[in-house]
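Structure first, commentary second.
The values are calculated or read from the model by the stated rules, or taken from the named source; none is laboratory data. Owing to the predicted nature of the structure, the values given are computational and were not obtained by experimental measurement. In this analysis, Cβ positions are derived from the backbone assuming ideal geometry, glycine residues included, and neighbour counts consider all displayed protein chains. Surface areas here come from the heavy atoms of the whole protein model, side chains and all, with no ligands, DNA or RNA. Shrake-Rupley method; radii C 1.70, N 1.55, O 1.52, S 1.80 Å.
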Amino acid sequence: MNVIISGASKGIGSEVAKLAASQGHNVLAIARNKENLEQLSNTNKRIVSFVADLVSVDLTVQLKEWVESVGKIDLLVNNAGQLINKPFMETSKEEFRTQFDVNVLSAINLCQAAVPWMSGNSHIVNITSMGGFQGSSKYSGLSAYSSSKGALSVLTECLAEEFRKKGISVNALALGAVQTEMLEEAFPGFQAPVSATEMAAYILNFGLTAHRYYNGIILPVTIGNP
Ligand SMILES: NC(=O)c1ccc[n+]([C@@H]2O[C@H](COP(=O)([O-])OP(=O)(O)OC[C@H]3O[C@@H](n4cnc5c(N)ncnc54)[C@H](OP(=O)(O)O)[C@@H]3O)[C@@H](O)[C@H]2O)c1
């Protein structure tokens, strides 16, 4: 299979890329950190890395080269994300814009570039958060992050309908806490029940198999919340 994973320079995305390559899949790993991506590519020749800010770079042309070398795209995981933990009244418009740019627009960018290379039996998985899951527990300080993840969840449902005829399934995984740099920066000292490696294994398996059973679902991946 041919897999694109955004936000692959660290955390969950990096683990998804390594695991997918170790299982024999071709991987296109995208993020901004060149050094981390180079290290990732060095772990397995099946991983091709692409350094890009998904908010500002149009990837249409760049994807073409990789897809032509592997044939088609089977799985796109929109995993790139960012979290601002700040009270709503102190969060600037610019910070709100940045959250929506990274957490929503980057997925839009990648979907628009990838979908022309996707056909029947392929899968787009958007990584959202329990904070953006309707009816879940909400936390002070996460209004920008959670509302952007909520937007990505609804986008998932819209795209599932829009691409149904093409045979592309679009689903979202609403993750609970996972032990990564993002979590440690936002909630110093908090111990998540799941490691990045464990969550990566779940995401990859879901990405490679669940499109046969689901289209347009937002699946909570947590034990404790809601
Ligand atoms: N960890 C948790 O508890 C948790 C819970 C719920 C949901 N999630 C979601 O899971 C996903 C992965 O989170 P994580 O914990 O692994 O976070 P992380 O360790 O902070 O990794 C985030 C990744 O996103 C990339 N990224 C950020 N902005 C980008 C941009 N403009 N263009 C391209 N890449 C960009 C980062 O790479 P560069 O900086 O190199 O660009 C990095 O590879 C995120 O969407 C997050 O919201 C995480």
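Quick notes
- Once Rg and the Kirkwood radius are both taken over the C-alpha atoms of region 7-84, their ratio Rg/Rh works out to 0.93.
- With a cut-off of 12 Å between beta carbons, the residues surrounding residue 54 carry a summed charge of -2, where Lys and Arg count +1 and Asp and Glu -1.
- Positive-pole candidate from 115, 81, 52, dipole of region 2-221, charges at beta carbon: 115
- Sites listed here are chymotrypsin sites (Phe, Trp or Tyr not before Pro) in region 64-157 whose DSSP assignment is loop and whose Cβ has at most 15 other Cβ atoms within 10 Å: 139.
- Selected from 207, 216, 189 as most flexible by GNM, with the chain as the system and alpha-carbon contacts under 10 Å: 189
- Region 113-188 and region 207-221 have Cα centres spaced 12 Å apart.
- Using a simple spin-label model with pseudo-atoms 7 Å out from Cα toward Cβ, residue 140 and residue 191 lie 2.6 nm apart.
- Computed over region 2-221, Kirkwood Rh from alpha-carbon pairs, angstrom: 17.3 Å
- Difference of contour (0.36 nm per residue) and Cα-Cα distance, residue 164 to residue 223: 18.2 nm
- Sparse-neighbourhood loop sites, chymotrypsin sites (Phe, Trp or Tyr not before Pro) in region 146-208 - DSSP loop, at most 13 other Cβ within 10 angstrom: 190
- Violating pairs (Cα-Cα greater than 27 angstrom) within the set 18/86; 10/64; 18/64: 18/86
- Each of 51, 125 has its accessible area taken with a 1.4 Å probe; listed largest first, they run 51, 125.
- For residue 129, residues with placed amide H under 5 Å, excluding near neighbours: 175
- Given charges at beta-carbon only (K, R positive; D, E negative), |dipole| of the chain in Debye: 480 debye
- Compactness of region 125-226 - radius of gyration and Dmax, Cα, Å: 14.1, 46
- Those lysines that a straight Cα-Cα span of less than 18 Å connects to residue 166, excepting residues fewer than 8 apart in one chain: 72
- Near residue 85: Cβ cut-off under 14 Å, other residues only, Lys/Arg at +1 and Asp/Glu at -1. The net charge is -2.
- Each Cα pair under 8 Å and six or more residues apart adds its sequence gap; the mean of these over the residue count of the chain is a relative contact order of 21 percent.
- For the chain, the longest principal axis of the alpha carbon atoms and the long axis of helix 196-209 meet at an angle near 50°.
- Candidates 195, 2, 134 compared by Cα position along the dipole of the chain: farthest toward the positive end lies 2, with charges placed on Cβ.
- For region 40-119, applying the loop criterion from DSSP together with a ceiling of 15 other beta carbons within 10 Å to the trypsin sites (Lys or Arg not before Pro) yields 45, 72.
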